[in-house]
């Protein structure tokens, strides 16, 4: 499994090349680069003479590495936080990787408006809306109340009110 | 995703650091730096301690999620997209299936 969070604070850094490069690094099992991939990468690095890695080379190296593994999950979180041009390039590259290795599973998250970009490349993508469930909120509130640094300021009525009102309001997000 | 069992985590880390210090051929680090300046490992570690046990586990029982994770022969269903407005927990949901 390889995963990456696109942080808007560094949106310029989140080019398709940097994202896929980070994914590839994580696929090297126990941090060791498989020999055929190492040779190809080393050759490209030397031939490039100090130039950054090219996106097309990365896609080829990802395909070669994934082919050596039994089944790969790629998670990319916060797709809305990278620039649209980078997002489209990334999705196009993922499309190419999946064509070469259809068993690869890709888990993406983002704000609703990103869905159009995803469906452009993956019309059959499975989509799931994320909303906090009442049970999730109750579990979180209980943990916070149990860790209350000033428990003497709390009584049963206030606690019951918190457990009733907050889940109701938040679950409507 | 769930196949990354807790019991293997410690062993995996030990093996990983062993390979890094003893077996990794010269030049691997240079290649990795060239591949990307991003260091994604740190992010998951910063999300995980904030996650409350059990929160978001509903995703693992979701039929579409299960279909996606099992249907490895259906290329069209290779992609799962979880969407929501800011603050609903998309980043935390991603770490539901990952080891600590």
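Each value in this text was obtained by applying a stated rule to the coordinates, not by laboratory testing. All values reported here derive from a predicted model rather than from experimental measurement. Cβ placement follows ideal geometry from the backbone for every residue including glycine, while neighbour counts extend to all protein chains displayed.
Once the Cα atoms are used to define both axes, helix A:16-27 deviates from the longest principal axis of chain A by about 90 degrees. On a 0 to 90° scale, report how tilted helix A:35-48 is relative to the longest principal axis of chain A, with both axes built from alpha carbons and the result rounded to the nearest 10. Helix A:35-48 sits at roughly 80 degrees to that axis.
Only helical runs count toward this figure. For chain A, summing -39,500 (n - 2.57) over DSSP H runs of n ≥ 4 and dividing by all residues gives -16500 deg cm²/dmol at 222 nm.
Would you mind getting me the FRET efficiency between residue A:127 and residue A:99? Use the beta-carbon distance for r and R0 = 22 Å, nearest 0.05. E between residue A:127 and residue A:99, to the nearest 0.05, is 0.60. Label separation (residue A:169 vs residue A:148): 1.7 nm, computed from points 7 Å beyond Cα along the C-beta direction. With each label modelled as a point 7 angstrom along the Cα→C-beta vector, the residue B:39-residue A:30 pair spans 2.4 nm.
From the square roots a ≥ b ≥ c of the eigenvalues of the alpha-carbon gyration tensor of region A:26-95, which class results: rounded (a/c under 1.5), prolate (a/b over b/c), or oblate? Note, shape of region A:26-95 comes out oblate. Between residue B:30 and residue A:68, the FRET efficiency estimated from the beta carbon spacing at R0 = 25 angstrom works out to 0.70.
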